Amino acid sequence: METMTADEARAEARTLRASLRRAERRRTLRGLGLALPLILFTLVFFVLPIAGMLVKAVQNGPMPDILPQTSALLQQWRASEERAVPDEAVFAAFAGELRAASQNRTLPELATRLNFENAGYRSLLMSTARRLPEAPAGTWRDTFTGLNPQWGEVSIWAALGRASPRLTDGYVLAALDHRRDDNDHIQPTDPSRAVYVASLTRTLEISATVTLLCLVLAYPLAYRLATLPESTANLLMILVLLPFWTSLLVRTASWLVILQREGPLNEALQWLGLIDQPLQLVFNRPGVVIAMTHVLLPFMVLPIYSVMRGIPPNYMRAATSLGAPFLTAFRRVYFPLSLPGVTAGCLLVFILAIGYYITPLLIGGANDQMVSALIAFLTLQTLNWGLAAALGTVLLVITIALYFVYTRVVGTDGMKLG
Amino acid sequence: MTVPNDAFVTFEKVRKTYDGRTLVVSDLDLEIRKGEFLTMLGPSGSGKTTCLMMLAGFEHPTSGRITLGGRSIDGVPPHKRDIGVVFQNYALFPHMSVLENIAFPLSVRKVSKAEMEQRARAALGMVHLQHLADRKPGQLSGGQQQRVALARALVFEPVLILMDEPLGALDKQLREAMQYEIKHLHERLGVTIVYVTHDQGEALTMSDRVAVFNEGKIQQLSTPKELYERPQNAFVASFIGENNAVLGTLKSASDGTCEVETPGGTLRCGLIGEHTLGTRKLVSLRPERVRIVDDTSACTNVMPARIEEVIYHGDHLRLRLSTMSVSDFIAKVPNAEGGRDFVAGQELKIGFNTTDCLALDAPARN
């Protein structure tokens with residue numbers, strides 16, 4: 001064989017690499033082409049809305065556009081340590097811009113935003129703008145306090161100040177039941193108005209309960225299915241999947257019928273003599289948990305079943321032949337091998353449960369509403385999209401954090417979704 | 001090797017059926033001696049694995065009795081039988097390291113930690129894999145996994161080891177190496193091994209005795225040599241090794257030898273089975289015992305033949321011949337120096353002695 005010089009060998013290796021890249025590139029491009037529609041879809045309908053939500057959660061509102069000069073001045077004012085009512089320059093700028101806003105009809109938008117800071121700000125702003133004179137009677141400050149003495153209070157100006165920057169942490173703080181006071185220090189919200197943390201906790205509680213219940217119900221079922229002959233198992237699997245064939249709303253409504261005071265469940269229990277009085281099963285927590293467990297159960301059964309199907313029966317036989325009684329063999333061999341399915345199932349059910357809306361709304365009572373109901377309320381009723389987005393963001397962060405904890409515990413390769 | 005003559009494992013009239021109609025194992029009697037390496041050999045569906053699984057306790061006889069060390073084990077659950085099983089595809093626990101796998105039988109027996117570690121490492125040393133103790137089974141090659149499975153089945157010093165086609169998933173070279181390794185382990189440890197395979201080469205190399213299974217029955221139970229050289233019936237003759245079969249009728253019989261009338265002429269051969277003159281016989285003849293001869297040959301049986309095909313095999317040539325109304329008669333000719341050249345179409349004579357061929361009972365005509 002001919003001996004090559006080092007240079008020739010290097011050149012040869014280079015051309016080889018280049019042709020490999022060329023060959024691979026075509027394959028990569030084809031793969032990308034196949035995935036392209038989905039990538040575009042995901043981008044437009046999933047990534048962008050989420051990004052939009054994240055932006056909304058910290059976007060302050062229209063004030064810097066409507067009152068640019070006042071906003072700039074107020075931000076300087078916020079920098080000072082001791083807060084007092086701002087000086088004449090701020091009043092003068094505010095007066096000019098307020099009149100301009102009133103004329104080009106941007107004022108209601110601003111009023112809505114400020115009303116989130118201080119209930120009552122809307123009427124204060126609108127009435128002031130209506131009665132504001134062309135020129136000040138004395139100082140602008142006296143003119144304003146003359147129209148409404150509230151303009152002499154620090155808290156009114158602090159609220160205006162909080163609305164002045166382009167970005168704010170106010171919504172995220174509010175979602176966590178905190179607020180900035182007149183000196184911009186973070187304080188817990190007044191307990192009578194603190195509803196968001198409680199709602200988040202409740203959401204996590206209900207989701208955890210449902211996940212646990214699903215696991216307890218699904219694991220033995222999946223084991224049974226996995227040990228049956230494939231044809232029988234497939235038949236029974238259809239029964240597991242049957243709920244998927246009805247709409248969520250219909251299923252929830254039927255639970256409402258089944259669980260109500262005069263419903264078939266209560267009547268059956270009474271007929272059997274197990275209870276004297278009908279049980280209260282709707283418009284409370286048990287009802288929500290029962291209905292959600294039913295709806296989400298297949299999401300737990302499927303991953304566990306598919307993992308269990310993949311465990312060769314020889315493992316249990318081997319463990320037994322090596323001297324382990326059934327329970328020991330199950331605990332030390334079968335169960336650890338089925339964990340990837342358990343993990344995937346729990347994650348799936350938990351994440352789906354966190355976002356539940358319609359079931360708690362129909363079956364739950366006032367104290368069983370989950371955070372998505374609050375988000376819907378904020379989005380549709382009060383139009384406080386910033387706070388709604390902040391709540392969504394908090395939920396997203398919790399979900400991602402849980403996912404990371406999960407994968408840290410079991411490892412991504414230890415999880416199988418199907 | 002000395003084999004004590006007491007029965008350690010016995011099958012007594014064991015029957016097994018899954019559907020209530022066909023017997024997978026029918027009226028099986030078998031005695032396995034202590035320290036013996038016994039192979040159950042047969043085609044798939046012959047009942048050999050079922051027998052092994054009944055012995056391990058994963059299946060139960062429909063009727064009959066299995067004893068181990070003189071006691072019936074019908075009611076003994078698998079985990080109390082103290083039988084080590086090596087499974088097809090090894091069945092190593094993928095979530096445990098190699099050492100944990102091997103220590104598993106000790107840990108369920110509540111052996112102390114220190115002793116467990118020491119014994120598991122010793123077992124690992126026995127199969128020369130000390131350096132892989134902390135790997136996961138998925139990181140090992142097939143042969144290494146096989147050895148770990150072996151160490152795991154041996155580590156708790158079971159009274160009996162069962163192996164269910166343990167080498168089936170390995171390539172040819174590795175399979176042969178493992179055959180010797182298992183055989184040596186058996187000789188060193190003196191443990192009783194029952195081995196199931198469908199590979200006759202494996203059975204002949206490793207076993208003290210081989211039980212040939214077909215249709216739920218043991219066709220023959222004897223040493224590998226006996227099995228190969230004196231098969232008791234046509235099934236065994238054709239299943240073990242290569243075999244030429246020539247049909248004929250029994251013409252005379254005396255003292256273990258006989259004459260069989262075949263389409264090509266009369267053959268003198270050893271006699272097994274039916275002695276009645278005129279019965280249909282199947283003459284079984286190993287390809288390597290067939291010689292290419294000339295007219296002056298001293299062979300008892302000399303027959304004309306024609307070469308249909310010559311196949312080159314390196315160390316030997318295989319000639320496909322037509323002779324005695326058989327067109328796929330195989331003769332193995334050593335590829336020695338100065339050997340003759342053979343070409344298809346050539347006419348020649350083949351010869352073999354009385355001791356080279358056996359007249360067996362012909363299977364019933366369908």
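I'd like to know if segment A:284-307 contains one or more residues that are within 14 Å of another protein chain (Cβ to nearest Cβ), in a helix (DSSP H, G or I) and touching a residue at least 40 places away in the same chain (Cβ under 8 Å).
Yes, that holds for at least one residue.
Pull up segment B:61-75, narrow it to residues that are touching a strand residue (DSSP E or B) at 6+ places or on another chain (Cβ under 8 Å) and without any contact (Cβ under 8 Å) to a residue 24 or more places away in the chain, then point me to the one that is farthest from the other protein chains (Cβ to nearest Cβ).
The qualifying residue farthest from the other protein chains (Cβ to nearest Cβ) is B:Ser72.
Look through B:Arg33, B:Arg21 and report the one residue that is of a type in the set (D, E, K, R), surrounded by fewer than 21 Cβ atoms within 10 Å (Cβ to Cβ), away from every other protein chain (no Cβ under 12 Å) and under 20 Å from B:His186 (Cα atoms).
Result of the check over B:Arg33, B:Arg21: B:Arg33.
Among (1) modelled with pLDDT of 90 or more; (2) surrounded by fewer than 17 Cβ atoms within 10 Å (Cβ to Cβ); (3) not aromatic (Phe, Trp, Tyr), there is one condition A:Ile375 misses while meeting the rest; what is its number?
For A:Ile375, the failing item is (2).
Could you check segment B:39-67 and list, in sequence order, the residues that are assigned to a strand (DSSP E or B) and crowded, with 23+ Cβ neighbours inside 10 Å?
The answer is B:Thr39, B:Met40, B:Leu41.
When you scan segment A:399-406, do you find a residue that is out of contact with any strand residue (DSSP E or B) (no Cβ under 8 Å at 6 or more places or on another chain) and not in a helix (DSSP H, G or I), even just one?
No: segment A:399-406 contains no residue that is out of contact with any strand residue (DSSP E or B) (no Cβ under 8 Å at 6 or more places or on another chain) and not in a helix (DSSP H, G or I).
Could you check segment A:254-265 and list, in sequence order, the residues that are surrounded by 16 or more Cβ atoms within 10 Å (Cβ to Cβ) and either touching a residue at least 60 places away in the same chain (Cβ under 8 Å) or farther than 26 Å from A:Tyr356 by Cα (or both)?
A:Trp255, A:Leu256, A:Leu259 - these are the residues of segment A:254-265 that are surrounded by 16 or more Cβ atoms within 10 Å (Cβ to Cβ) and either touching a residue at least 60 places away in the same chain (Cβ under 8 Å) or farther than 26 Å from A:Tyr356 by Cα (or both).
For every residue, the table says whether it meets (1) more than 17 Å from A:Gly386 (Cα to Cα); (2) surrounded by fewer than 16 Cβ atoms within 10 Å (Cβ to Cβ); (3) over 25 Å from the mean Cα position of the chain (by Cα).
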residue	(1), (2), (3)
A:Leu34	yes, yes, yes
A:Ile39	yes, yes, no
A:Val47	yes, yes, no
A:Thr70	yes, no, yes
A:Arg78	yes, no, yes
A:Pro86	yes, no, yes
A:Ala89	yes, yes, yes
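I'd like to know if segment A:99-111 contains one or more residues that are closer than 23 Å to A:Asp181 by Cβ and either surrounded by 13 or more Cβ atoms within 10 Å (Cβ to Cβ) or in contact with a helix residue (DSSP H, G or I) (Cβ under 9 Å, 6 or more places away or on another chain) (or both).
yes
Are any of the residues in segment A:242-250 buried (at least 18 other Cβ atoms within 10 Å of the Cβ) and either among the hydrophobic types (A, V, I, L, M, F, W, C) or in a helix (DSSP H, G or I) (or both)?
Within segment A:242-250, not a single residue is buried (at least 18 other Cβ atoms within 10 Å of the Cβ) and either among the hydrophobic types (A, V, I, L, M, F, W, C) or in a helix (DSSP H, G or I) (or both).
Restricting the search to segment B:242-263, which residues are of a type in the set (Gly, Ala, Ser) and surrounded by fewer than 18 Cβ atoms within 10 Å (Cβ to Cβ)?
Of everything in segment B:242-263, those that are of a type in the set (Gly, Ala, Ser) and surrounded by fewer than 18 Cβ atoms within 10 Å (Cβ to Cβ) turn out to be B:Ala245, B:Ser252, B:Ser254, B:Gly256.
Among the residues of segment A:319-344, write down those that are more than 21 Å from A:Leu228 (Cβ to Cβ) and facing chain B (nearest Cβ under 8 Å).
Once the filter is applied, which keeps residues that are more than 21 Å from A:Leu228 (Cβ to Cβ) and facing chain B (nearest Cβ under 8 Å), segment A:319-344 yields A:Ser321, A:Leu322, A:Gly323, A:Ala324, A:Pro325, A:Thr328, A:Arg332, A:Pro336.
Which ones in segment B:283-299 are modelled with pLDDT of 80 or more and among the hydroxyl-bearing types (Ser, Thr, Tyr)?
Scanning segment B:283-299 gives a single hit, B:Ser284.
Within segment B:89-162, which helices (runs of 4 or more DSSP H) (wholly inside it) include 2 or more residues that are in contact with a helix residue (DSSP H, G or I) (Cβ under 7 Å, 6 or more places away or on another chain) and surrounded by fewer than 21 Cβ atoms within 10 Å (Cβ to Cβ)?
The qualifying helices (runs of 4 or more DSSP H) are B:113-126, B:142-154.
Might you check whether a residue that is of a type in the set (A, V, I, L, M) and surrounded by fewer than 15 Cβ atoms within 10 Å (Cβ to Cβ) occurs anywhere in segment B:325-342?
yes
For the subset of segment B:77-91 comprising residues that are of a type in the set (A, V, I, L, M) and in contact with a Leu (Cβ under 8 Å, 6 or more places away or on another chain), which member is nearest to the other protein chains (Cβ to nearest Cβ)?
Taking the candidates together, the pick is B:Val85.
Determine whether segment B:25-42 contains at least one residue that is out of contact with any Leu (no Cβ under 7 Å at 6 or more places or on another chain), free of Cβ contacts under 8 Å to residues at least 24 places away in the same chain and closer than 27 Å to A:Pro312 by Cβ.
No, segment B:25-42 contains no residue that is out of contact with any Leu (no Cβ under 7 Å at 6 or more places or on another chain), free of Cβ contacts under 8 Å to residues at least 24 places away in the same chain and closer than 27 Å to A:Pro312 by Cβ.
Given A:Ala353, A:Ala389, A:Ala344, A:Ala366, which one is at negative phi and free of Cβ contacts under 8 Å to residues at least 60 places away in the same chain?
Checking each option against the conditions leaves just A:Ala366.
Condition first: within 30 Å of A:Leu114 (Cβ to Cβ) and either in contact (Cβ under 8 Å) with a residue 40 or more places away in the chain or not basic (Lys, Arg) (or both). Can you find one or more residues in segment A:16-23 that meet it?
Checked against the condition, which is being within 30 Å of A:Leu114 (Cβ to Cβ) and either in contact (Cβ under 8 Å) with a residue 40 or more places away in the chain or not basic (Lys, Arg) (or both), segment A:16-23 yields no hits at all.
Scan segment A:157-211 residue by residue and report those that are of a type in the set (Phe, Trp, Tyr) and either within 29 Å of A:Tyr403 (Cα to Cα) or not in a helix (DSSP H, G or I) (or both).
Within segment A:157-211, A:Tyr171, A:Tyr196 qualify.
Rundown of residues vs (1) under 27 Å from B:Phe58 (Cα atoms); (2) under 19 Å from the mean Cα position of the chain (by Cα); (3) modelled with pLDDT under 85, yes/no style:
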site	(1), (2), (3)
B:Leu132	no, no, no
B:Gln144	yes, no, no
B:Val148	yes, no, no
B:Ala151	yes, no, no
B:Phe156	yes, no, no
B:Ile182	yes, yes, no
B:Glu187	no, yes, no
B:Tyr195	yes, yes, no
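The values are calculated or read from the model by the stated rules, or taken from the named source; none is laboratory data. It should be emphasised that the depicted structure is a prediction, and the values quoted were computed from it without experimental measurement. With ideal geometry, Cβ positions are generated from the backbone for all residues, glycine too; neighbour counts draw on all protein chains shown.
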